[in-house]
Amino acid sequence: MMKTDFRREPLYIAILAGLLVLGFFLPSWMRFLLQTAMAGGLVALGVALQMRAGLVNFGQGLYYALGGYAVGMLAAKVGITDIFALLLAAVAVSTVAGVILGLLLSRYREIFFAMLSLAVSMILYGLMVKAAWLGSTDGFNIPSLSYLGWAPSRAVRPDVY
């Protein structure tokens with residue numbers, strides 16, 4: 001059997017670009033399935049990369065929660081409703097937390113890294129659940145968002161809940 005020197009990454013990138021463009025023309029149910037599959041694939045890729053480095057992270061929800069709470073606090077308490085500003089704030093808060101925790105956890109490998117990442121995320125979870133000013137277990141509402149100053153109207157449809 002002849003060995004070929006064919007790199008598959010450009011092919012995969014082309015397929016991904018094709019799926020992204022195709023997403024604009026698909027029905028909404030198929031777009032949802034495609035988005036769910038791609039999100040699951042992204043998570044699997046991240047876990048595979050970490051496992052190759054000898055790491056297993058059980059605290060990945062921490063960064064998502066920090067970004068979500070940053071969006072919620074800025075929207076509900078400060079009054080910022082522009083989605084792009086809120087997304088930038090979420091990325092910034094998660095990045096700062098990742099850098100700080102990365103400096104603390106970078107020395108550990110294998111089960112020690114896994115348990116420390118889980119412990120840090122559980123500490124944050126306990127703080128969020130107990131803090132009444134964060135909404136405790138009930139959370140808080142986010143007002144309607146705007147897109148660079150444009151606030152779409154919310155039409156009430158009886159068939160959508």
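Largest accessible area first, the residues Thr137, Thr95 order themselves as Thr137, Thr95 under a 1.4 Å probe with ligands, DNA and RNA left out.
Within the chain, which complete DSSP H helices have Cα atoms spanning at least 24 Å along the helix axis and a mean Kyte-Doolittle hydropathy of 0.0 or higher?
Working: long enough: 28-52 (36 Å, 0.94); 83-105 (32 Å, 2.69); 110-130 (30 Å, 1.75).
Membrane-span-like by this criterion, though nothing is claimed about a membrane: 28-52, 83-105, 110-130.
Using a 1.4 Å probe, what is the accessible area per residue for the chain, in Å²? Walk me through the numbers before you get to the answer.
On the way: 12650 Å² over 161 residues.
Per-residue accessible area for the chain comes out at 79 Å².
For Arg109, Arg7, Arg52, Arg31, what's the largest-to-smallest order of accessible area, 1.4 Å probe? Kindly include the intermediate steps, with their values, before the conclusion.
Working: Arg109 115, Arg7 160, Arg52 210, Arg31 85 Å².
Greatest to least solvent exposure: Arg52, Arg7, Arg109, Arg31.
If you roll a 1.4 angstrom probe over the protein chains with everything in place, what fraction of the accessible area of the chain belongs to carbon and sulfur, to the nearest %? Whole-percent figure for carbon plus sulfur exposure: 71.
Normalising by the residue count of the chain, find the relative contact order in percent from Cα pairs under 8 Å and 6+ residues apart. Don't skip to the end; give the middle numbers.
Numbers: 101 pairs, mean separation 39.7, N = 161.
Answer for the chain is 25 percent.
Please compute the length gained on full extension between Arg31 and Ile15, using 0.36 nm multiplied by the number of residues separating them and subtracting their Cα-Cα distance. Could you put the intermediate results ahead of the total?
Working: separation 16, 0.36 × 16 = 5.76 nm, distance 1.55 nm.
Roughly 4.2 nm would be gained on extension.
GNM remark for the chain: springs join alpha carbons under 10 Å apart, and the peak mean-square fluctuation among Ser94, Ser121, Ser136 falls on Ser136. What shape does region 1-54 take by its C-alpha gyration tensor, where a ≥ b ≥ c are the square roots of the eigenvalues and a/c under 1.5 counts as rounded, a/b above b/c as prolate, and the rest as oblate? Oblate is the answer for region 1-54, as a/c is 1.5 or above yet b/c matches or exceeds a/b.
Taking each DSSP H run with n ≥ 4 as -39500 (n - 2.57) and averaging over every residue of the chain yields -20500 deg cm²/dmol at 222 nm. Distance from the Cα centroid of region 34-71 to that of region 98-158 is 13 Å (rounded to whole angstrom). Shape verdict for the chain, please, from the Cα gyration tensor: rounded (a/c under 1.5), prolate (a/b greater than b/c) or oblate. In terms of gyration-tensor shape, oblate. For Ser146, nonlocal amide neighbours, meaning residues 5 or more places apart or on other chains whose placed amide H falls under 5 Å from its own, are Asp82, Ile83. The modelled label-to-label distance for the pair Ile100/Leu22, using points 7 Å beyond Cα in the direction of Cβ, is 4.3 nm.
The values are calculated or read from the model by the stated rules, or taken from the named source; none is laboratory data. Keep in mind it's a predicted model, so treat the numbers as computed, not measured. Glycine gets a Cβ as well: all are built from the backbone with ideal geometry, and neighbour counts include every protein chain shown. Accessible surface areas use protein heavy atoms only, side chains included; no ligands, DNA or RNA. Shrake-Rupley method; radii C 1.70, N 1.55, O 1.52, S 1.80 Å.
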